[in-house]
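A short worksheet on the structure shown next.
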Amino acid sequence: MVGDESFFGRKENIKAISKFFNSDKDAAALVYGRRRVGKTELIKHCLKKTNITSIYYECKETSEINNVKSFSEIIAEIFGLPPLAFDSFESTLAFLYKHAAEKELIVVIDEYPYIRKVIKGLDSIIQSFIDNNKFTSKLKLILCGSYVETMKSLLLEENPLFGRFDLVMNLKAMDYYESALFYKDFSDEDKVRLYSVFGGIPYYNRLIDSSKTVKQNIIDLIASPGSRFENEIQMHLKSEISKMQNAYEVFEALARGFVRFKDILSQSQVSSSPTLVDVLDKLISMDIVVKESPINDENNKKKAGYYISDQLTLFYFKYIYRNLSRIAVMDSGIFYDKFIEPDFEENHVPKAFEQVCRQFLIRKNRSGELSDSFEKIGKYWYDDPENHKNGEFDVVTENDNSYIFYEAKFREEKLDTNRIWNEIQQVNNTGLVCTKYGFFSKSGYKEIDESYRKQLILYVLDDLYKIDNENK
């Protein structure tokens, strides 16, 4: 339901932050991640679960004195004090560290890059507080922020805060399973469809309305004039990228399926290889693009591919960005039927299903539930000289140099022995020798020859969304 304030998932993150809170000494943590990923909600959720006095302050894009005034009001309210008149952010922190010498205190400074920008040497000031109070204070300080590049710079050796953080958390998007907790009233098929559009960002998933169809949610949230996410992608990109044109060029090339560096360069209007390297590095640091090499040739740069990892960004550049003029003048339902639905059902969702299956295998592998555990999972590059071609298998696991091939089928028809055998033959023809062959079928199986069972791993859609013990 829209507006449901329940908190879903993030169990490992909650455990790590709770452990940090329960430390019996002065400590500092760095929590960062892209916009909308749920950093603030996670921290506030953890604060609600602790009995330790806490102060949460979200910095503003304004002067130091304005921030100090707002911060002081919160401190006075928490401690039941008359108005406090601090003259600097440093004196505010000094008061808090002194108070924490007697009693445990948690202080969260959210959107830290804003205050850091207006106070010269703030990193050094905080480093001094941490070092000078390590054995006399019980203050737990959390610095939080969405400007990923700025937050990562605090971890560099040349930064004063290097080595001062007891906990560093780069909060990532949720996987398909935790994302589906936001829209559990939908069918498993539709959960895959929703994940293929809105991905693992809690802010996006919280706005999905279970009383509407997948199509209507897509139209209302991103595929119509004035929709909730109409400017979401541009806002996110502009917050960290100065030259937007190059980024848009790269996204358009990636959305059209050009993933190799040389192909992205030739298909975009980016001026040079060094410029493209800079753009891709920036997008990777923002957790919007991922660079992936085949697990059987990880050091070969020519075989590495770049992929849009954020589902909403991918959907936007596939279907919305290139059609903005059409969206402005067409009926939204007709636009969806003509420019989204055919490719969405035929290509986009099945491709996302591969990612869902990969995440499922990782979940099961981490929990020790797979009899065929693995050390690597990813794409597998093959050369087929006989047929003068090469290519990749999208989901292959490796353990001690033995491989298991997985095929994900998001189709209406059930898989039978003949179709499975044809897939296996195609794999064998490339020279990939597998110990077993795995299949994920949306619609299940029929007439599977029992003689093949030992070398097959068969999953149905329901397996991916079964509630495990952790989430009961």
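The values are calculated or read from the model by the stated rules, or taken from the named source; none is laboratory data. Predicted, not measured: the structure shown is a model, and the values here were computed from it. Note that each Cβ is placed from the backbone with ideal geometry, even for glycine, and that neighbours are counted across all protein chains shown. What goes into the accessible areas is simple: the full protein's heavy atoms, side chains included, and nothing from ligands, DNA or RNA. Shrake-Rupley method; radii C 1.70, N 1.55, O 1.52, S 1.80 Å.
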- Per the list (1) part of a loop (DSSP other than H, G, I, E, B); (2) within 26 Å of residue 186 (Cα to Cα), residue check on residue 447 breaks on (2)
- Task: Mind listing just one residue for me: the one in segment 182-204 that is among the hydroxyl-bearing types (Ser, Thr, Tyr) and over 14 Å from residue 315 (Cα atoms) and, of those, surrounded by the most Cβ atoms within 10 Å (Cβ to Cβ)?
- Result: 183
- Task: Could you pull out every one of the helices (runs of 4 or more DSSP H) wholly within segment 228-283 that has 1 or more residues that are open to solvent by 30 Å² or more (accessible area, probe 1.4 Å) and modelled with pLDDT under 90?
- Result: 232-238, 244-255
- Query: Out of all the residues in segment 210-223, which are farther than 17 Å from residue 314 by Cα and of a type in the set (Gly, Ala, Ser)?
  - Reply: 210, 211
- The strands (runs of 3 or more DSSP E) lying entirely within segment 332-444 that contain at least 2 residues which are of a type in the set (Val, Ile, Thr) and open to solvent by 10 Å² or more (accessible area, probe 1.4 Å) are none
- In segment 144-156, is there at least one residue being open to solvent by less than 60 Å² (accessible area, probe 1.4 Å), of a type in the set (D, E, K, R) and at negative phi? no
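Take residue 453 and tell me if it is open to solvent by 90 Å² or more (accessible area, probe 1.4 Å) and under 20 Å from residue 193 (Cβ atoms).
Against the criterion (open to solvent by 90 Å² or more (accessible area, probe 1.4 Å) and under 20 Å from residue 193 (Cβ atoms)), residue 453 does not qualify.
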- Message: Being under 22 Å from residue 305 (Cβ atoms), without any contact (Cβ under 8 Å) to a residue 60 or more places away in the chain and either in contact with a strand residue (DSSP E or B) (Cβ under 7 Å, 6 or more places away or on another chain) or of a type in the set (Ser, Thr, Tyr) (or both) is the filter here; which residues of segment 228-260 pass it?
- Response: 259, 260
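Results for (1) of a type in the set (Lys, Arg); (2) within 29 Å of residue 463 (Cβ to Cβ); (3) touching a Gly at 6+ places or on another chain (Cβ under 6 Å), shown as yes or no for each residue.
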residue	(1), (2), (3)
122	no, no, no
147	no, no, no
154	no, no, no
173	no, yes, yes
203	no, yes, no
206	yes, yes, no
- Message: Among the residues of segment 286-322, what is the count of those that are without any contact (Cβ under 8 Å) to a residue 60 or more places away in the chain and open to solvent by less than 10 Å² (accessible area, probe 1.4 Å)?
- Response: 2
- Item | Residue count, segment 284-304 (criterion: β-branched (Val, Ile, Thr), within 16 Å of the chain's Cα centre (by Cα) and assigned to a loop (DSSP other than H, G, I, E, B)) | 1
- Query: Is it true that residue 337 is over 26 Å from the mean Cα position of the chain (by Cα), modelled with pLDDT of 95 or more and under 19 Å from residue 196 (Cα atoms)?
  - Reply: yes
- Message: charged (D, E, K, R), out of contact with any Leu (no Cβ under 9 Å at 6 or more places or on another chain) and modelled with pLDDT of 95 or more: is that true of residue 49 in this structure?
- Response: no
- Here the residues within segment 72-100 that are aliphatic (A, V, I, L, M) and either open to solvent by less than 10 Å² (accessible area, probe 1.4 Å) or over 20 Å from residue 133 (Cα atoms) (or both) are 74, 75, 76, 78, 81, 84, 85, 93, 96, 100
- Task: Might you let me know whether segment 205-222 holds any residue that is among the basic types (Lys, Arg), in contact (Cβ under 8 Å) with a residue 24 or more places away in the chain and buried (at least 19 other Cβ atoms within 10 Å of the Cβ)?
- Result: yes
- Message: Out of the residues in segment 26-40 meeting the condition of being of a type in the set (D, E, K, R) and within 15 Å of the chain's Cα centre (by Cα), tell me which one is nearest to residue 143 (Cα to Cα).
- Response: 39
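Residue-by-condition table, conditions (1) free of Cβ contacts under 8 Å to residues at least 12 places away in the same chain; (2) over 29 Å from residue 188 (Cβ atoms):
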residue: 358; (1), (2): no, no
residue: 368; (1), (2): yes, no
residue: 376; (1), (2): no, no
residue: 406; (1), (2): no, no
residue: 411; (1), (2): no, no
residue: 427; (1), (2): no, no
residue: 430; (1), (2): no, yes
residue: 434; (1), (2): no, no
